[in-house]
1. Residues in segment 117-124: is at least one farther than 27 Å from K32 by Cα, assigned to a helix (DSSP H, G or I), over 13 Å from the mean Cα position of the chain (by Cα) and modelled with pLDDT under 95?
2. Taking segment 67-86, which residues are within 21 Å of I12 (Cα to Cα) and either among the small types (G, A, S) or touching a Leu at 6+ places or on another chain (Cβ under 6 Å) (or both)?
3. Which condition breaks for I63 when tested against (1) touching a residue at least 24 places away in the same chain (Cβ under 8 Å); (2) surrounded by fewer than 18 Cβ atoms within 10 Å (Cβ to Cβ)?
4. Test T74 against the stated conditions and say whether it is surrounded by 14 or more Cβ atoms within 10 Å (Cβ to Cβ) and more than 22 Å from E148 (Cα to Cα).
5. Under 6 Å between Cβ atoms, at least 6 apart or on separate chains: pull out the pairs that start in segment 139-167 with a residue that is touching a residue at least 12 places away in the same chain (Cβ under 8 Å) and end on any residue that is surrounded by 14 or more Cβ atoms within 10 Å (Cβ to Cβ) and of a type in the set (V, I, T).
6. Of everything in segment 125-151, what is outside any loop (DSSP other than H, G, I, E, B) and farther than 13 Å from I163 by Cα? Give them in sequence order.
7. Spot the failing condition for E44; the list is (1) without any contact (Cβ under 8 Å) to a residue 40 or more places away in the chain; (2) part of a helix (DSSP H, G or I), and only one is missed.
Amino acid sequence: MNLSKYFKPELIKLELETKVEFDEENGLHPQKKLWRIKEAVLEELVELLDKSGKVCNKHKLFIDLLNREKKSSTGIGKGIAIPHVRTMQVREFVIGFARSTEGYEFDSIDGKPVHLFFVMGAPPYDDSLYLKVFKAIAELFHSDTFEEELMSATSEYEIIRAIQKVE
């Protein structure tokens, strides 16, 4: 699958800016802390997707992604998460990529911080493309150097080239 054609430079963020501050004295429950982080990251990812012009309602898209995340974490391990949802809040399939050097706690299956986020939205009737892209993203990480290339990329175009190289 020619996955790279779906990635646009304006939908790639080289460094997430989400900062979540906690008052350590109040002893926030770890689950509440995790969900505050997830909410903040998902909000920033929705803002990224909104740049596509394909988002109908940002707030509802955020709620849909959050509800999807509550069903099961999209942190697939090895520092990767693929938040995704089929929703009426996007006009057509859209995908974005964001990176965090520091990483975020995201309830990943291996318990490690997530550094690479592939965020997807598709209308409910667009199953075929949505599933093909999801599978293709997972297959990208069979390459030993792919994750390293994404982490060291200095431009949006280097991210797209890294994807082209392994697809």
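The values are calculated or read from the model by the stated rules, or taken from the named source; none is laboratory data. Keep in mind it's a predicted model, so treat the numbers as computed, not measured. Glycine also receives a Cβ, built like all others from the backbone with ideal geometry; neighbour counts cover every protein chain displayed.
1. Scanning segment 117-124 turns up no residue that is farther than 27 Å from K32 by Cα, assigned to a helix (DSSP H, G or I), over 13 Å from the mean Cα position of the chain (by Cα) and modelled with pLDDT under 95.
2. G75, G77, G79, I80, A81, P83, V85
3. Answer for I63: the failing condition is (1).
4. Considered against the rule, which asks whether it is surrounded by 14 or more Cβ atoms within 10 Å (Cβ to Cβ) and more than 22 Å from E148 (Cα to Cα), T74 comes out as no.
5. Cβ pairs passing all conditions: L140/V166; S143/V166; F146/V166; A153/I159; E156/I12; I159/I12.
6. D127, S128, L129, Y130, L131, K132, F134, K135 - these are the residues of segment 125-151 that are outside any loop (DSSP other than H, G, I, E, B) and farther than 13 Å from I163 by Cα.
7. Status for E44: all satisfied but (1).
Residue-wise test of (1) surrounded by fewer than 20 Cβ atoms within 10 Å (Cβ to Cβ); (2) hydrophobic (A, V, I, L, M, F, W, C); (3) more than 16 Å from the chain's Cα centre (by Cα); (4) modelled with pLDDT under 95.
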site	(1), (2), (3), (4)
F97	no, yes, no, no
K132	yes, no, yes, yes
A136	yes, yes, no, yes
T145	yes, no, yes, yes
